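Taking it in order: structure first as C-alpha cells, then the write-up.
The values are calculated or read from the model by the stated rules, or taken from the named source; none is laboratory data. What you are looking at is a predicted structure, and each value in this text was computed from that prediction instead of being measured. Positions of Cβ are backbone-derived with ideal geometry, glycine not excepted, and every protein chain shown enters the neighbour counts.
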Amino acid sequence: MRYVIVSVVKGDGGKFNNELRKDIFENLSVKSSKLPAHFTIKSPFECEDISILDKELTEFTNLHSVSNYKLNGYDSFDNRVIFMKVIMSNKGKKIHDDLIDTLSSIPYIKFDEKDGKNKIFHVTVSSKKIKNRFNELWNYVNQFPCDFDCTFDNISIYKWSNNIWVLYKEYLFKN
C-alpha cells in the first residue's frame, strides 16, 4: 500500500488554498494535488502494515500540543512548483523535528532532504506540468493576498486508493 503523511491546513488558510487550486483548474486548466491543503511531513512511501506508525503517531500526538504557523505570501521551486510560504513557529519546528526523529526509528520510513528536518515548509498551489505556463500562473496567483494564521494541530495519514488519496487516519495534538 502507498501512504503519505501530512498536516492538513484547516481554517481560513486551508479553505483559501483549496479554493485557489480549484479556481486555477477552472480558469487556467492546471491540475493540482489530489490531497486537501497541507504541508508534507513524509512523502509517499510503500508499506503493507502501518501498525507501528499508528502506535507512534498516537503516542506522539498525545504528548505534544498544538502550535502555530503563518501562511504568508508565495514562492516557488524554480519553475516547477508554486507554493504558499509557511512561516513555522519555533515551537512548531521543534515538534516537527521531534516527529521526524520519532518516525525515523520506524524501519520503513526513510527521509531525504526534501522531507526531513531541514525541509522548506510549504503548501503547494500548483505543481502539475507548469513549466511552460509558470509566469502566467505566478502572475495569476499573486493577485490574491496570502496572509493566514494557522495551527499545526494534526498529523494525517492518507492512503492511495482508486487513483485518489483517501484519509486513513487523523491524529490530533492535544490542546
Across the stretch 138-163, the tally of residues that are within 24 Å of D23 (Cα to Cα) and of a type in the set (S, T, N, Q) stands at 4
Failed item in (1) without any contact (Cβ under 8 Å) to a residue 12 or more places away in the chain; (2) surrounded by fewer than 13 Cβ atoms within 10 Å (Cβ to Cβ), with K93 passing the rest | (2)
Can you tell me which of T61, T102 is in contact with a strand residue (DSSP E or B) (Cβ under 7 Å, 6 or more places away or on another chain) and of a type in the set (S, T, N, Q)?
-> T61
Could we say that K42 is touching a strand residue (DSSP E or B) at 6+ places or on another chain (Cβ under 9 Å), closer than 22 Å to K128 by Cα, basic (K, R) and buried (at least 17 other Cβ atoms within 10 Å of the Cβ) here?
-> yes
So V123 clears everything in (1) modelled with pLDDT of 95 or more; (2) of a type outside the set (D, E); (3) over 15 Å from F39 (Cα atoms) except one condition, right? Which one?
-> (3)
Look at V30 and say whether it is in contact (Cβ under 8 Å) with a residue 60 or more places away in the chain and more than 18 Å from the chain's Cα centre (by Cα).
-> yes
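Every residue, every condition in (1) closer than 23 Å to Y3 by Cβ; (2) among the charged types (D, E, K, R); (3) not in a strand (DSSP E or B), yes or no:
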{"residue": "K129", "(1), (2), (3)": "no, yes, yes"}
{"residue": "F134", "(1), (2), (3)": "no, no, yes"}
{"residue": "L137", "(1), (2), (3)": "no, no, yes"}
{"residue": "Y140", "(1), (2), (3)": "no, no, yes"}
{"residue": "Q143", "(1), (2), (3)": "no, no, yes"}
{"residue": "D149", "(1), (2), (3)": "no, yes, no"}
{"residue": "S156", "(1), (2), (3)": "yes, no, no"}
{"residue": "K159", "(1), (2), (3)": "yes, yes, no"}
{"residue": "L167", "(1), (2), (3)": "yes, no, no"}
Of all residues in the stretch 1-31, which are closer than 22 Å to W138 by Cβ, buried (at least 19 other Cβ atoms within 10 Å of the Cβ) and not β-branched (V, I, T)?
-> G13, F16, N17, L20, R21
Residue that is nearest to N18 (Cα to Cα) [pool: residues in the stretch 74-88 that are touching a helix residue (DSSP H, G or I) at 6+ places or on another chain (Cβ under 9 Å) and surrounded by fewer than 16 Cβ atoms within 10 Å (Cβ to Cβ)] | R80
Between a first residue in the stretch 103-114 that is free of Cβ contacts under 8 Å to residues at least 40 places away in the same chain and a second residue that is surrounded by 10 or more Cβ atoms within 10 Å (Cβ to Cβ) and assigned to a loop (DSSP other than H, G, I, E, B), which pairs have beta carbons less than 7 Å apart while being 6 or more apart in sequence or on different chains?
-> S104/F111
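Does L71 satisfy the criteria of being out of contact with any helix residue (DSSP H, G or I) (no Cβ under 6 Å at 6 or more places or on another chain), surrounded by 15 or more Cβ atoms within 10 Å (Cβ to Cβ), touching a residue at least 24 places away in the same chain (Cβ under 8 Å) and not β-branched (V, I, T)? Break it down stepwise before answering.
Working: out of contact with any helix residue (DSSP H, G or I) (no Cβ under 6 Å at 6 or more places or on another chain): no; surrounded by 15 or more Cβ atoms within 10 Å (Cβ to Cβ): yes; touching a residue at least 24 places away in the same chain (Cβ under 8 Å): yes; not β-branched (V, I, T): yes.
For L71, the condition - out of contact with any helix residue (DSSP H, G or I) (no Cβ under 6 Å at 6 or more places or on another chain), surrounded by 15 or more Cβ atoms within 10 Å (Cβ to Cβ), touching a residue at least 24 places away in the same chain (Cβ under 8 Å) and not β-branched (V, I, T) - is not met.
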Out of the stretch 45-68, which residues are crowded, with 18+ Cβ neighbours inside 10 Å and of a type in the set (S, T, Y)?
-> T61, S67
